[in-house]
1. Restricting everything to alpha-carbon atoms, can you work out Rg to Rh for the stretch 71-146 with a Kirkwood hydrodynamic radius?
2. Roughly what would the spin-label model give for His213 and Asn187, points 7 Å off Cα along C-beta, in nm?
3. Given the Cα atoms of the stretch 532-686, and with Rh set as the inverse mean 1/r over their pairs in the Kirkwood sense, what is Rg to Rh to two decimals?
4. For the pair Glu40 and Glu112, what calculated FRET efficiency results from E = 1/(1 + (r/R0)^6), where r is the Cβ-Cβ distance and R0 = 22 Å, to the nearest 0.05?
5. For the stretch 297-390, evaluate the Debye formula with one uniform point scatterer on each Cα (no solvent term) and list log10 I(q)/I(0) at q = 0.17, 0.18 Å⁻¹, rounded to two decimals.
6. Quick one: pull the percent of accessible area on the chain belonging to carbon and sulfur, 1.4 Å probe, ligands and nucleic acids left out.
7. Put +1 on the Cβ of each Lys and Arg and -1 on the Cβ of each Asp and Glu in the chain; which of Leu327, Pro177, Gln278 then has its Cα farthest toward the positive end of the dipole?
8. Along its three principal axes, how long is the chain when you only count alpha carbons? Whole Å, largest extent first please.
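The values are calculated or read from the model by the stated rules, or taken from the named source; none is laboratory data. Keep in mind that this is a model prediction, so the values were computed, not measured. Neighbour counts are summed over all protein chains in view; Cβ atoms, including those assigned to glycine, are modelled from backbone coordinates with ideal geometry. For accessibility, only protein heavy atoms count, side chains too; no ligands or nucleic acids. Shrake-Rupley method; radii C 1.70, N 1.55, O 1.52, S 1.80 Å.
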Amino acid sequence: MPPTRSGVHADRYINRELSWLDFNSRVLELAEDESAPLLERVKFLAIFAGNLDEFYMVRIAGLKRRQSTGLTVRSPDGLTIREQLARVTERTRDLVHRHADVFAKDITPGLEEAGIRIVHWDELAEAETTRLREYFRDQVFPVLTPLAVDPAHPFPYISGLSLNLAVRVRDPDTDAPRFARLKVPNNVPRFVQVGPGDSHATFLPLEDLIAAHLPALFPGLDVIDHHLFRVTRNADLEVEEDRDEDLLQALERELARRRFGPAVRLEVAEPMDPDVLQVLISELEVDASDVVHVPGLLDLASLWELYGLDRPELKDEPFVPATHPRLSEGETPKSVFATLREGDVLVHHPYHSFATSVQRFIEQAAADPNVLAIKQTLYRTSGDSPIVNALIDAAQAGKQVVVLVEIKARFDEEANISWARSLERAGCHVVYGLVGLKTHCKTALVVRRESGVIRRYCHIGTGNYNPKTARLYEDLGILTADPRVGADLTDLFNTLTGYSRQTTYRRLMVAPHGVRPGLVEKIRREARNARDGRPAGIRIKVNSLVDEEMIDALYEASAAGVPVELLIRGICSLRPGVPGLSENVRVRSIVGRFLEHSRAMWFAGGGEGEWWIGSADLMHRNLDRRVEVLLRVCDDTAQRQLQHIFDAAMADGVRCWELGVDGAWTRTGEHDYQAALMAAAVDHAG
């Protein structure tokens, strides 16, 4: 890749949309891995499908919206929107067929060997069809609504991600064809159990059951054929934030609009009659290039139903997170406050239990009569949230409770609005963040009176306050009584809840003002150190690396001789290994049982290394349009833990994917990094 005349390398960025598809391809490779337990492979098929749905609902929808403006916009790698969409379409087509193939040719036979069968109606015995006819009559037929399409009945609205049958019928008196749409209900199990429940289960897809009973839905007409289809709609909210308008009302109005977003993808089951397909393309106002022909079953995200079967021998062995050794004495929990007065605690989820660390911190604060106030940010949490319940208990006990609920958290908007109202009813002070910004940081501050002195206890993490995802997502967090961190969080909450314009902090970098310039300066400092012959090095672990200014700073550091190690789970727009540009950069991705979600960064600092953890990925939105927090980790033990985590992830032989100069990811290694961390957590707890 030669430099241009200006000295800037052409093609130095990898397209972010194609890089995301590469990430989902890595998820698919886990489904293809024959060494994995069968239902774990089914799980990864479902994750792949759900990921792709969200990609179209947000990223592709955004590209199409920009395309509709008529402006000529190029991505940082030089592609027009039309070129990006064309490449995404081609790549998606390949992935969808790969996805369908592994399910049909590998997973399905494996399930059958394990006694789990997915059958079609014509494969059933008479006794089975008799039972299912009764089930259809009692459980399914009452919720079905056939919708005719003719001059008196306009084409119906098709909700996003719903399964639908396009049905053609004929009037036997006039021989005239008719067209109808039938929605497959989403409040009935997608896979209908054919026989009594046991370890040997046979399932019929719900759409097959409905199709077998179409004559009952169109009595007096002849059913010609039926075809399954599914629509993906733009679900990316654009809330017009006005300082004079209630943000809650504006968001609720936009949520009502979202379900009517324009269609961005039409999935159809193969084969589909060309005339029916043309009707759908025309009525849904999509382009032929937006059509994805899917062999086999549509919507494999529904395979979560099969993963839920009670077949432990077909899944990973259960893992019970360990209590951090400093937070208990044998089986007896310790006071989190007493522990933190002795020093910081770095928790690494899911290896360390969220329930006995972060959750216990908030619960103990809520119950402690010496605690005066609790302040916390909530971005996403679980349906039955012990964190929210503890905050409610604290408010009802008379403590000052301030909660910043980010009601613009994508796809969690309605749940967060509900939580916000519950907290308000309990007497909590609830705020919704800053106009124009999402509050994405993960912070909690507890103010406690001790012998007439006020002491502050803090938690700053990389993941949400969600006990459910804390068992599935890999995240880091610091629990600390460091007064400098407490003072920083006090200033931060004053900014979030009041009119403070604080931009500088003692132990924090806070976006949108401090993270970008802070990180760029640290990267450039490493370049200066390398040129001066001082110790230099950079290690970064994030979900995504997209921001061009960050990438260019890392290129400059590499060119100066700084060794750069990047652990990027998802999108990486940096191209490593380019002579004269990035030959000192190494990029690795780990995708496994747990979702690698933590963000951590290390800078050699001329021999005085420093570690940072926090909520920010290296993307434009995180650096410029969100409130994000990075915390400098000063505790020696915590620093050694972080170094051990990174050393283990970057060690030779670890099962991972390495990014090449050509932009391709290559799977390598056999050592399961996450399994080693699980074993170590159990050993340390014991």
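1. Ratio of gyration radius to Kirkwood radius: 1.29.
2. My value for the distance between the label points is 1.6 nm.
3. 0.96
4. Plugging the Cβ-Cβ distance into 1/(1 + (r/R0)^6) gives 0.80.
5. Here the Debye-derived log intensity ratios amount to -0.91, -0.97.
6. 49 percent
7. Going by the Cα projections, it comes out as Leu327.
8. Here the Cα extents, ordered largest to smallest, are 88, 68, 57 Å.
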